[in-house]
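This report refers to the structure that appears directly beneath it.
Every number here is computed from the coordinates shown, using simple stated rules; none is lab data. Since the structure is predicted, the reported quantities are computational estimates derived from the model, not experimental observations. Reconstructed Cβ throughout: ideal geometry from the backbone, glycine too, with neighbour counts over all protein chains shown.
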């Protein structure tokens, strides 16, 4: 009887080990082996498919494979374009800017370079989420806009860049106006006058400046 119990226990152990091995093998087969040596169109289609399925991490990995295996493929430019737009859509602006910079390095003389410069301005503008905390981002984006206007005066994206420029100018003026009002409240007229002059430089008529609508739970930290 003792031998029979021992045999049963051993059999159960083997079944459990076999089941665990099968589970691990199944999971491994689902992930599949590391792919390599595929044609460029394979990686491009995979990027498009993963973006369509909202798997941006997978799309990023597939781009690495495309770029490393096919550095001179004409599909790289289009892949970068769809990755930029996908990350902007998901509000992942740093990653979007990474791909914009990649495009700029690889295709600096491309006819589409103004489009990517516009996308960088757009990504930085959309990343601006706080009324008073991101003044450096505003300043840098305004510099990018000035450069865009000089380099691409006939770009079809100029009206969009102009709109962003106007909204950033109003944001900058709103910030300076807030500081001027603060100095007035603490009775420092010279400092208040200095910032009021800055408001006038950023916006023609200060009365047109609309205050940013900050939620109450964030306002106390601004």
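Calculate the FRET efficiency for residue 184 and residue 140 from the Cβ-Cβ distance with a Förster distance of 30 Å, rounded to the nearest 0.05.
That pair, residue 184 with residue 140, gives E of 0.55.
Quick one: compute the contact order of the range 38-91, relative version, from alpha carbon pairs under 8 angstrom and 6+ residues apart, as a percent.
40
Compare the peptides 73-84, 185-196, 159-170 by average per-residue count of other Cβ atoms within 10 angstrom and give them in order, highest first.
Packing order, densest peptide first, comes out as 73-84, 159-170, 185-196.
Go through 44-53, 115-124 and give me the packing order, highest mean Cβ count within 10 Å leading.
The packing order, highest mean first, is 115-124, 44-53.
State the extension gain, in nm to one decimal, for the chain segment bounded by residue 110 and residue 49, taking 0.36 nm per residue of separation less the distance between their alpha-carbons.
19.4 nm
In the range 41-60, which residues have a backbone nitrogen under 19 Å from the label point lying 7 Å from residue 92's Cα in the Cα-to-Cβ direction?
43-60
Length gain on complete extension for the stretch residue 57 to residue 150, per 0.36 nm per residue less the alpha carbon to alpha carbon distance?
Contour length minus Cα-Cα distance gives 29.9 nm.
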